[in-house]
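I am attaching a structure below and will ask some questions about it afterwards.
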Amino acid sequence: TIDGRPFSTSDAKQQAAALLRLAGLDPIGYDLAEIRPGRAEPKRFGDEDIVHIKDGDKFVTIRQSAEVA
């Protein structure tokens, strides 16, 4: 899942940017992070990092920056 929404892919190794695009997000504005059981902080990936995907993995997106009005 990415941000709680289920997605599927046939490639078990993908760049983090490709997974963000799969979720409909622009990698320029977001980072991908994996929620890991027993860890307080999610593991954050750079856009070019290769993510090894297993069934049941949970990912969240992190907005890189937001403009303040």
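The values are calculated or read from the model by the stated rules, or taken from the named source; none is laboratory data. The model shown is predicted, which means the values in this text are computed figures rather than measured ones. Cβ atoms come from the backbone with ideal geometry, glycine included; neighbour counts cover every protein chain shown. Quick note on the areas: whole protein, heavy atoms, side chains included, nothing else; ligands and nucleic acids left out. Shrake-Rupley method; radii C 1.70, N 1.55, O 1.52, S 1.80 Å.
Can you tell me which residues in the range 15-57 are without any contact (Cβ under 8 Å) to a residue 12 or more places away in the chain and either assigned to a helix (DSSP H, G or I) or under 18 Å from Arg5 (Cβ atoms) (or both)?
Hits for the range 15-57 are Ala18, Arg21, Gly24, Asp26, Asp55, Gly56.
For Val60, which of the numbered conditions (1) open to solvent by 90 Å² or more (accessible area, probe 1.4 Å); (2) touching a Leu at 6+ places or on another chain (Cβ under 9 Å); (3) in contact (Cβ under 8 Å) with a residue 40 or more places away in the chain fails to hold?
All conditions are met except number (1).
A further question on this structure: Return the residues of the range 8-25 that are modelled with pLDDT under 95 and either surrounded by 13 or more Cβ atoms within 10 Å (Cβ to Cβ) or of a type in the set (D, E, K, R) (or both); say none if nothing qualifies.
Across the range 8-25, the qualifying residue is only Asp11.
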